[in-house]
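Let me begin by presenting the structure, written as structure tokens, before commenting on it.
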């Protein structure tokens, strides 16, 4: 729709709607049957799986107009949201986080987190390339594909 921003090298599948005010960074891939509502910002290289859902109002009613109450949802660089997942508005999905198929995200998700279920609960951590990270006694993990080293400190993961 007019008034949205779509970056370079984005791929939009069939039956995709991008509302006014939405921002899609470079390299975003949106699979079939996804509606991206006003208030959603996706940074670079985000993957939105088939039929995943964003909301933009906490308490919608058909007879009450709440356009002034749209809440922002931020999807940070490189994050993946699986098929049929639901993202409740007002939350941030961290960089390179992975949201499992069918999950319902009701709170913000940290960088590199792996979450699944309804409501979504964290079950581990993933690398930039999407591999589950196994931390050693020094709280370090190495991506089996890319070889990058990650550090777990104070409940958060960062790239070393």
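The values are calculated or read from the model by the stated rules, or taken from the named source; none is laboratory data. No experiment lies behind these values; they were computed from the predicted model shown. Note that each Cβ is placed from the backbone with ideal geometry, even for glycine, and that neighbours are counted across all protein chains shown.
List of remarks:
- Residue in the range 5-26 that is in the same structural domain as residue 104 (by TED's automatic domain parsing), in contact with a strand residue (DSSP E or B) (Cβ under 7 Å, 6 or more places away or on another chain) and closer than 16 Å to residue 102 by Cβ present: no
- Subset of the range 58-76 (residues that are part of a loop (DSSP other than H, G, I, E, B) and surrounded by fewer than 17 Cβ atoms within 10 Å (Cβ to Cβ)): 58, 59, 60, 62, 63, 65, 66, 71, 72
- Screening residue 121 against (1) modelled with pLDDT of 95 or more; (2) within 15 Å of residue 111 (Cβ to Cβ) leaves a single unmet condition, (2).
- Of all residues in the range 88-101, those satisfying the criterion of being buried (at least 17 other Cβ atoms within 10 Å of the Cβ) and over 18 Å from residue 44 (Cα atoms) are 88, 89, 90, 100.
- Those residues of the range 77-87 which are at positive phi and either surrounded by 17 or more Cβ atoms within 10 Å (Cβ to Cβ) or part of a strand (DSSP E or B) (or both), in sequence order: 78
- Here 71, 29, 67 are screened, and the one residue that is out of contact with any strand residue (DSSP E or B) (no Cβ under 7 Å at 6 or more places or on another chain) and within 23 Å of residue 103 (Cβ to Cβ) is 71.
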